[in-house]
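So the structure is just underneath, and the comments pick up after that.
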Amino acid sequence: MYYHKDTIFFIDGHWAKASETNIDVFNQTFHYGIGAFEGIRAYHSTVGMSLFKATEHYKRLINSAKTLHLKIPYSASELVEITHQLLKKNNLRNAYVRPLVFMGPNMELTLKGKPRLLIAAWEWGALLGKGQLNMLISSYPRPDRKSLPATAKLTGNYTHAILASYEVRKKGGDEALMLDVEGNIAQAPGANFFLEKDGVLYTPPEGHILPGITRATMFEYAREFGFEIREETIPVEMIHEADSAFLTGTASEIVGIQSIEGIKMRKPWQASMGAELASVYQHRIRRGEEHGHHSIV
Ligand code: PMP
């Protein structure tokens with residue numbers, strides 16, 4: 001599904017096919033979830049292939065690895081260049097790129113040896129015709145940052161995300177809304193949360209959330225278009241006062257929310273501030289106006 005026998009990966013400084021990646025079944029990431037990763041989108045735009053904010057993603061990867069005391073022997077700009085080559089080698093234009101920092105074989109609970117680096121990519125077209133989401137609040141809160149670096153993009157941090165999605169989908173919801181350990185709204189399993197009320201956008205402050213690159217892009221657009229965004233704690237009760245709400249993330253892009261716990265948003269999505277931001281976002285990714293143009297066509 002994600003690759004075939006001739007797919008090329010970048011692994012530990014080399015280009016290799018899947019059969020040549022030499023991934024040990026006793027690797028520590030596989031067993032204990034110690035690793036860091038990213039998700040980056042490549043869009044086929046009017047100026048050629050455009051990687052959406054790849055430098056920001058690789059800086060986050062380097063920082064996530066640092067929280068595990070792991071050093072990646074490349075700079076963010078070197079990793080961006082390697083990614084362009086990877087897409088070219090695999091003849092990919094609309095793609096999802098998955099860099100993963102993982103460990104070698106070690107069945108002890110110790111940090112030993114150098115981390116390994118894999119960069120893989122697969123074809124991923126536009127998610128057309130996305131509907132608005134009916135969200136349910138999950139009983140799994142975001143992990144407590146006193147226990148682990150919960151605001152870094154670490155492989156082990158996704159166990160609870162999978163459980164939250166499973167729980168909510170079983171109850172008939174489209175997506176989970178997760179609270180922080182203090183009981184305020186935090187985010188979705190793989191996307192950040194925004195709420196519109198009386199012409200102002202609210203989003204939870206950094207601390208319990210993964211600070212998303214799409215979230216940061218919303219701040220840039222808001223400055224440009226004169227929208228006010230407040231980073232403020234969002235108590236659950238605020239859902240009752242929401243005119244609209246939406247999620248942001250590399251995979252989901254900007255997706256509107258129809259209801260939370262059965263409470264419908266007051267405005268139709270098309271009339272919301274989120275829909276305006278989403279239309280700018282769509283326009284810019286298709287025109288390659290975000291960072292990282294690189295023509296491979
Ligand atoms: N939160 C989590 C837990 C995520 O995995 C992601 C996806 N990377 C996001 C938020 C959204 O971040 P971004 O906009 O950088 O994709």
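Peptide packing for 179-192, 134-147 was compared via the average number of neighbouring C-beta atoms within 10 Å per residue; ordered from the highest value, the list is 179-192, 134-147. The long axis of helix 213-225 is offset from the longest Cα principal axis of the chain by roughly 50 degrees.
Working with all protein chains in place, sort TRP124, TRP15, TRP269 by solvent-accessible area computed with a 1.4 Å probe, largest first.
Highest to lowest solvent-accessible surface, that is TRP15, TRP124, TRP269.
For the Cα atoms of the chain, what angle does the longest principal axis make with the long axis of helix 54-67, in degrees from 0 to 90, nearest 10? The answer is roughly 80 degrees. Cross-link reach is defined here as a Cα-Cα straight distance under 16 Å, omitting same-chain residues fewer than 8 places apart; for LYS170 the aspartates and glutamates meeting it are GLU261. Say the cut-off is 26 Å between C-alpha atoms; which of LYS59/LYS146; LYS71/LYS153; LYS71/LYS146; LYS66/LYS88; LYS153/LYS267 go over it? Beyond 26 Å: LYS66/LYS88; LYS153/LYS267. The accessible area of HIS44, taken with all protein chains in place and a 1.4 Å probe, comes to roughly 70 Å². Rounded, prolate or oblate: pick one for the stretch 216-258, where a ≥ b ≥ c are the square roots of the eigenvalues of its C-alpha gyration tensor, a/c under 1.5 means rounded, and failing that, prolate if a/b is larger than b/c, else oblate. Taking the square roots of the gyration eigenvalues as a ≥ b ≥ c, the stretch 216-258 is oblate.
Of LEU148, LEU87, LEU201, the residue with the greatest mean-square motion in the GNM of the chain, using alpha carbon springs below 10 Å, is LEU148. For the chain, the longest principal axis of the C-alpha atoms and the axis of helix 159-170 are separated by about 50°. Enumerate the lysines that LYS171 could reach by cross-link, defined here as Cα to Cα under 21 Å, with residues fewer than 8 away along the same chain left out. Correct list for LYS171: LYS130, LYS264. Taking only the Cα atoms of the chain, the radius of gyration and Dmax are 19.5, 56 Å. Under 20 Å of direct C-alpha separation, and excluding same-chain neighbours fewer than eight residues apart, LYS89 reaches these lysines: LYS5, LYS17. Prolate is the label for the stretch 133-286, because a/c, from the alpha-carbon gyration tensor with a ≥ b ≥ c as root eigenvalues, is 1.5 or above and a/b exceeds b/c.
The values are calculated or read from the model by the stated rules, or taken from the named source; none is laboratory data. Quick caveat: nothing in here was measured; it's all calculated off a predicted structure. Reconstructed Cβ throughout: ideal geometry from the backbone, glycine too, with neighbour counts over all protein chains shown. For accessibility, only protein heavy atoms count, side chains too; no ligands or nucleic acids. Shrake-Rupley method; radii C 1.70, N 1.55, O 1.52, S 1.80 Å.
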